[in-house]
1. Go through the range 125-136 and give me each residue that's touching a residue at least 60 places away in the same chain (Cβ under 8 Å) and assigned to a loop (DSSP other than H, G, I, E, B).
2. Within the range 84-113, take every residue that is closer than 16 Å to THR31 by Cβ and of a type outside the set (A, V, I, L, M, F, W, C) and give me the one that is surrounded by the most Cβ atoms within 10 Å (Cβ to Cβ).
3. Can you find a residue that is surrounded by 13 or more Cβ atoms within 10 Å (Cβ to Cβ), modelled with pLDDT of 95 or more and in a loop (DSSP other than H, G, I, E, B) anywhere in the range 114-124?
4. Out of curiosity, is SER130 closer than 23 Å to LYS50 by Cβ, polar (S, T, N, Q), surrounded by 19 or more Cβ atoms within 10 Å (Cβ to Cβ) and modelled with pLDDT of 95 or more?
5. Taking the range 137-155 as the search range and keeping residues that are in a helix (DSSP H, G or I) and touching a residue at least 24 places away in the same chain (Cβ under 8 Å), which one is farthest from CYS63 (Cα to Cα)?
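The values are calculated or read from the model by the stated rules, or taken from the named source; none is laboratory data. Fair warning: this is a prediction, and the values are worked out from it, not measured in the lab. Heads up, the Cβs are rebuilt from the backbone with ideal geometry, glycines too, and the neighbour counts pull from every protein chain shown.
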Amino acid sequence: MQKLLFTLTILTLALSSFISFSFVTPTETATVTWYTWEEAVELQKKTPKKLFIDVYTDWCGWCKKMDKSTFQHPEVAKYLNENFYPIKLDAEMRKDVVFNGHTFKYVANGRRGYHELAASLLNNRMSYPSCVAMDENINRITIIPGYRDNADMLSILNYIGKEKYKTMTYDEYLKEGK
């Protein structure tokens with residue numbers, strides 16, 4: 001009798017776990033496939049796409065907030081993955097990056113330094129978070145400073161991805177959409 005009761009208890013627990021897990025609707029999350037600068041540049045040579053560079057630092061609270069909210073939003077992640085090579089670039093990394101015959105290095109500057117590639121991409125305006133969009137020829141399209149929520153980022157990505165920047169300003173694009 002104890003064996004039967006034990007077996008029934010185990011089956012009930014197993015069945016209830018199965019039922020509760022199989023009918024729970026998970027919150028939809030998405031993941032951006034982030035690349036290093038070098039990986040994206042190599043992929044770019046084979047299959048050209050625009051680049052989207054998230055320039056961040058480890059100590060930046062708004063950078064972390066964008067990682068947890070904006071970049072995990074399903075539509076933002078999907079659009080980035082399909083239309084860009086998304087790159088994470090630590091503005092304070094110490095690793096050299098060689099690009100177009102130039103070696104970009106870490107520059108010590110007081111307690112914190114900066115990476116020359118980040119400075120070059122941001123026109124020496126080192127504020128975080130900042131994002132940079134580049135075309136298929138790795139020419140800068142625009143710098144996107146500051147924290148952006150899901151809706152704002154998706155609007156910017158569409159403006160760039162649909163190449164509206166070639167024919168109108170972002171403000172004109174926003175007015176056109178209303």
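1. Those that are touching a residue at least 60 places away in the same chain (Cβ under 8 Å) and assigned to a loop (DSSP other than H, G, I, E, B): TYR128, PRO129, ASP135, GLU136.
2. Here the residue is TYR85.
3. yes
4. yes
5. Selected residue: LEU154.
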